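The values are calculated or read from the model by the stated rules, or taken from the named source; none is laboratory data. Quantities reported herein were computed from a predicted structural model and do not represent experimental measurements. With ideal geometry, Cβ positions are generated from the backbone for all residues, glycine too; neighbour counts draw on all protein chains shown.
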Amino acid sequence: MLLNVSILMGPFTPFFAEFFYQHLRVCQPSFAEAANGGGASNPVKPGKSDSVHFLPLPSFDESRLNGTAIKAFKVLQSVVELGRNARDQRNISLKMPLKNVSCIAGNVDEEVVKLLNTELKTYIMSELNVWSVDIIPTQSEGEWVKIALLPDLKKLGKVLGKDMGKVSERASEASEP
């Protein structure tokens, strides 16, 4: 495990990774092979190779991935992104803390909502600079959303003239309550 960490560190911190590798390679069974022929002979193995930089990056095991955690982090990213966008649209700086933010989670698994409400809640609060976050699972977003048709009266007024009143009346009829 530590040997894999030193291999992963190689491109970013080459000297530390090399130092750790040289001290950890002696614990590997392939180290005895390195004493005979050195690390120049193939196949390159951890412990046999003379340097951490000669080794390929280790592959990962997909069976060890947590699908719920991956879904939760995708939702977390979208919550933070949408929260920041909402603050930008209302010209509220991230430096100013907000009292509460409600997030409507439609079509999200119950496990993901549970993760967001427990373990990931403090992260959302710190990223959005709020005192409390409410993640509300619902399948009917219509209770929380109001759709309104708002025409640009300034531009349409120039084009339509006195018929603008009829257009704005029809637009208000098209809006949902």
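Restricting the search to region 139-170, which residues are within 30 Å of ASN107 (Cα to Cα) and either in contact with a Phe, Trp or Tyr (Cβ under 9 Å, 6 or more places away or on another chain) or part of a helix (DSSP H, G or I) (or both)? Write out each step before concluding.
Of the residues in region 139-170, the ones within 30 Å of ASN107 (Cα to Cα) are 139-150.
Of everything in region 139-170, those that are within 30 Å of ASN107 (Cα to Cα) and either in contact with a Phe, Trp or Tyr (Cβ under 9 Å, 6 or more places away or on another chain) or part of a helix (DSSP H, G or I) (or both) turn out to be GLU141, GLY142, GLU143.
Sort through SER49, SER59 and tell me the only one that's exposed (fewer than 12 other Cβ atoms within 10 Å of the Cβ), outside the structural domain of LEU116 (by TED's automatic domain parsing) and either touching a Phe, Trp or Tyr at 6+ places or on another chain (Cβ under 8 Å) or modelled with pLDDT under 90 (or both).
Among SER49, SER59, only SER59 is exposed (fewer than 12 other Cβ atoms within 10 Å of the Cβ), outside the structural domain of LEU116 (by TED's automatic domain parsing) and either touching a Phe, Trp or Tyr at 6+ places or on another chain (Cβ under 8 Å) or modelled with pLDDT under 90 (or both).
Across region 89-119, what is the total count of residues that are in contact (Cβ under 8 Å) with a residue 24 or more places away in the chain, under 30 Å from GLY67 (Cβ atoms) and surrounded by 10 or more Cβ atoms within 10 Å (Cβ to Cβ)? Steps first, answer last, please.
From region 89-119, those in contact (Cβ under 8 Å) with a residue 24 or more places away in the chain are 94-113, 115-116; that's our starting set.
Right, trim to under 30 Å from GLY67 (Cβ atoms) and you get 101-113, 115-116.
Still in the list and also surrounded by 10 or more Cβ atoms within 10 Å (Cβ to Cβ): 101-106, 108-109, 111-113, 115-116.
Going through region 89-119 one residue at a time, the tally reaches 13.
Just need a number here: residues in region 21-33 that are closer than 21 Å to VAL5 by Cα, in a helix (DSSP H, G or I) and either at pLDDT below 75 or of a type outside the set (Val, Ile, Thr) (or both). Show your work before the answer.
Taking region 21-33 first, the residues closer than 21 Å to VAL5 by Cα are 21-31.
If we keep only those that are in a helix (DSSP H, G or I) as well, we get 21-27, 31.
Now narrow it down to the ones that are either at pLDDT below 75 or of a type outside the set (Val, Ile, Thr) (or both): 21-25, 27, 31.
The total comes to 7.
Which residues, taken from region 140-177, are under 29 Å from VAL112 (Cβ atoms) and either exposed (fewer than 10 other Cβ atoms within 10 Å of the Cβ) or out of contact with any Gly (no Cβ under 6 Å at 6 or more places or on another chain) (or both)? Can you show your working first?
At the first step, the residues of region 140-177 found to be under 29 Å from VAL112 (Cβ atoms) are 140-147, 176.
If the condition is that a residue be under 29 Å from VAL112 (Cβ atoms) and either exposed (fewer than 10 other Cβ atoms within 10 Å of the Cβ) or out of contact with any Gly (no Cβ under 6 Å at 6 or more places or on another chain) (or both), then SER140, GLY142, GLU143, TRP144, VAL145, LYS146, ILE147, GLU176 are the ones that fit.
Going by the structure shown, is PHE54 within 30 Å of LEU3 (Cβ to Cβ) and out of contact with any helix residue (DSSP H, G or I) (no Cβ under 7 Å at 6 or more places or on another chain)? Walk me through it before giving the result.
Values: within 30 Å of LEU3 (Cβ to Cβ): yes; out of contact with any helix residue (DSSP H, G or I) (no Cβ under 7 Å at 6 or more places or on another chain): no.
Against the criterion (within 30 Å of LEU3 (Cβ to Cβ) and out of contact with any helix residue (DSSP H, G or I) (no Cβ under 7 Å at 6 or more places or on another chain)), PHE54 does not qualify.
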